[in-house]
Number of protein chains: 2
Amino acid sequence: MIRALVFDVFGTLVDWRSGIAGEAGRLLAPYANGLAKGFEGGAFADAWRARYNPSMETVRSGARPFADLDTLQAESLPEVLAAFGITGVPEDVRRDLVQAWHRLDAWPEVPAALMRLRRDHWLAPVSNGHVRLMVDLARRNGFVFDAVLGAGYSRDYKPKPALYRDAVAAFGLDPAETLMVAAHSNDLAAAASHGLATAHVARPRENGPAGGEGGPSVPVSFAATDLADLAVQLGC
Amino acid sequence: MIRALVFDVFGTLVDWRSGIAGEAGRLLAPYANGLAKGFEGGAFADAWRARYNPSMETVRSGARPFADLDTLQAESLPEVLAAFGITGVPEDVRRDLVQAWHRLDAWPEVPAALMRLRRDHWLAPVSNGHVRLMVDLARRNGFVFDAVLGAGYSRDYKPKPALYRDAVAAFGLDPAETLMVAAHSNDLAAAASHGLATAHVARPRENGPAGGEGGPSVPVSFAATDLADLAVQLGC
């Protein structure tokens, strides 16, 4: 019996690519006007996101102490701007661009589905985002969580074991009573290795033209077409 | 300007003494019948609570790794039972008694006041209770928090600096934008020493016949008669 649902957030609950593409287009337009090829917000979002995993690896490996995603995104932004040939972006605009990760919109069915799931389950993000980032996304989209777990709580990044183990322990449950919900098979494989139940949510447009996971590539407890479908499968 | 409110919970938001007194009376009645003096639930609650601070001190001092309040309460329970001359309490009843700390009721004005405060502020417990304890109390009483900070998040106990500093950092605020709300002057003095704003909430019946703090004994930013009064003072 599932008692708590713990969620991946970027890609699973919110559409990071459209949000970052739009905000990058808006904020960088004054500095990208001279580019011969024009500016592709989606490609910019992809390039920034591509630096996400290597930057977290510096923390996972122990090479540096825990630093939150705002810090990592701010560190990787100059390389992304340079790769796009964008120069002269003032510090306050760069800061605002990092904050765009706090202003992402949910996939359409998510807010109502979370409300249904919350009636009979505890809910918490287990994201690589820190507390403030989760609080901002939750307030913007009307998510109500029982706790905020994940990188801030565990001071490390998925798929390190601490994040899954700490989430189970925080709720005081058996691992099998805790359902990790994600659109990413690698996250679910890691959760399953610690005994958690797993639910895959299809997000075939997560990466825009490059697609996304339309289904799990690993064994899962539930495979859902979206979060509303998962709620139905759980009898909510 | 105050942007986040962080709350002490036991005594400030919930009435631990009445709750523990009632549950101890109910659960221990079969084992306390032979006592010459009868059984006083309130005195039992006071005796158990008196062991709360010394037990947390074993963690604060570094003498042992972090152990949550369920563990500490379970460890101190046998001494309290012995002090009251109560014997033969089975393990499952002892466990249920520890869980009584998860079934406490809010002071009457708290749920509605939290809803008002939540409109314009982020809210989080910064309690010595761990995540599951906060989740259970929140669900029982209809509290909606943005995050659960405190002992579980910081792996230590108030008034250690980490709890106040981690709360400020989790919300990404300046200390002065964070308001520590408590019915205990020592908690507020510790918060103020780290730059947080402070609000005292009077709980003159927290300790039953022994009273409680009817007002702060240290300088505070706000002194309120209850949480509804604090909401008014904050313009909510």
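Just to verify a result, which residue in region A:99-122, among those that are touching a Phe, Trp or Tyr at 6+ places or on another chain (Cβ under 8 Å) and of a type in the set (A, V, I, L, M), is farthest from residue A:28 (Cα to Cα)? Even if it seems obvious, please write down each step before you answer.
Going through region A:99-122, the residues touching a Phe, Trp or Tyr at 6+ places or on another chain (Cβ under 8 Å) turn out to be A:101, A:104, A:106, A:110-111, A:114, A:122.
When the remaining residues are screened for being of a type in the set (A, V, I, L, M), the result is A:104, A:106, A:110, A:114.
On the way: A:104: 17, A:106: 23, A:110: 29, A:114: 34 Å.
Ranking the candidates gives A:114 first.
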Query raised in the report: Filter region B:163-174 for residues that are buried (at least 18 other Cβ atoms within 10 Å of the Cβ) and away from chain A (no Cβ under 13 Å); which is farthest from residue B:67 (Cα to Cα)?
Result: B:164
Query raised in the report: Do you know which of the residues in region B:187-223 that are surrounded by fewer than 14 Cβ atoms within 10 Å (Cβ to Cβ) and polar (S, T, N, Q) is farthest from residue B:44 (Cα to Cα)?
Result: B:193
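Please tell me if residue A:180 is closer than 30 Å to residue A:42 by Cβ, surrounded by 23 or more Cβ atoms within 10 Å (Cβ to Cβ) and away from every other protein chain (no Cβ under 12 Å).
Values: closer than 30 Å to residue A:42 by Cβ: yes; surrounded by 23 or more Cβ atoms within 10 Å (Cβ to Cβ): yes; away from every other protein chain (no Cβ under 12 Å): yes.
Here the answer is yes, as residue A:180 does meet what is asked.
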Report task. Please identify the pairs in which a residue from region A:58-78 that is closer than 18 Å to residue A:161 by Cβ and in contact (Cβ under 8 Å) with a residue 60 or more places away in the chain has its Cβ atom under 7 Å from the Cβ atom of a residue that is of a type in the set (A, V, I, L, M, F, W, C) and not in a loop (DSSP other than H, G, I, E, B), counting only partners at least 6 apart or on another chain. Result -> A:66/A:59
Requested in this report: Please find, among B:140, B:203, the residue that is under 17 Å from the mean Cα position of the chain (by Cα) and away from chain A (no Cβ under 14 Å).
Outcome: B:203
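If you scan region A:131-162, which residues turn out to be of a type outside the set (Gly, Ala, Ser), buried (at least 21 other Cβ atoms within 10 Å of the Cβ) and closer than 23 Å to residue B:133 by Cα? If you could, list the steps in order and put the result at the bottom.
Residues of region A:131-162 that are of a type outside the set (Gly, Ala, Ser), as a first pass: A:131-137, A:139-141, A:143-146, A:148-149, A:153, A:155-161.
Next, from what is left, pick out any that are buried (at least 21 other Cβ atoms within 10 Å of the Cβ): A:131-135, A:137, A:143, A:145-146, A:148-149, A:153, A:157-158.
Hits for region A:131-162 are A:131, A:132, A:134, A:135, A:143, A:145, A:146, A:148, A:149, A:153.
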Report task. Within region A:115-130, work out how many residues are within 13 Å of chain B (Cβ to nearest Cβ) and buried (at least 22 other Cβ atoms within 10 Å of the Cβ). Result -> 7
Query raised in the report: Somewhere in region A:85-97, is a residue more than 30 Å from residue A:198 (Cβ to Cβ), in contact with a helix residue (DSSP H, G or I) (Cβ under 9 Å, 6 or more places away or on another chain), within 14 Å of chain B (Cβ to nearest Cβ) and not acidic (Asp, Glu)?
Result: yes
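Kindly establish whether residue A:4 is among the aliphatic types (A, V, I, L, M), surrounded by 17 or more Cβ atoms within 10 Å (Cβ to Cβ), farther than 22 Å from residue A:138 by Cβ and over 17 Å from the mean Cα position of the chain (by Cα). Talk me through it step by step, then tell me what you get.
Working: among the aliphatic types (A, V, I, L, M): yes; surrounded by 17 or more Cβ atoms within 10 Å (Cβ to Cβ): yes; farther than 22 Å from residue A:138 by Cβ: no; over 17 Å from the mean Cα position of the chain (by Cα): yes.
Taking the combined requirement at face value, the residue does not satisfy it.
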Query raised in the report: Which strands (runs of 3 or more DSSP E) sit wholly inside region A:131-224 and have at least 2 residues that are of a type in the set (Phe, Trp, Tyr) and modelled with pLDDT under 95?
Result: none
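The values are calculated or read from the model by the stated rules, or taken from the named source; none is laboratory data. These numbers were taken from a predicted model, which means no experiment stands behind them. Virtual Cβ from ideal backbone geometry, glycine too; neighbours counted across all protein chains shown.
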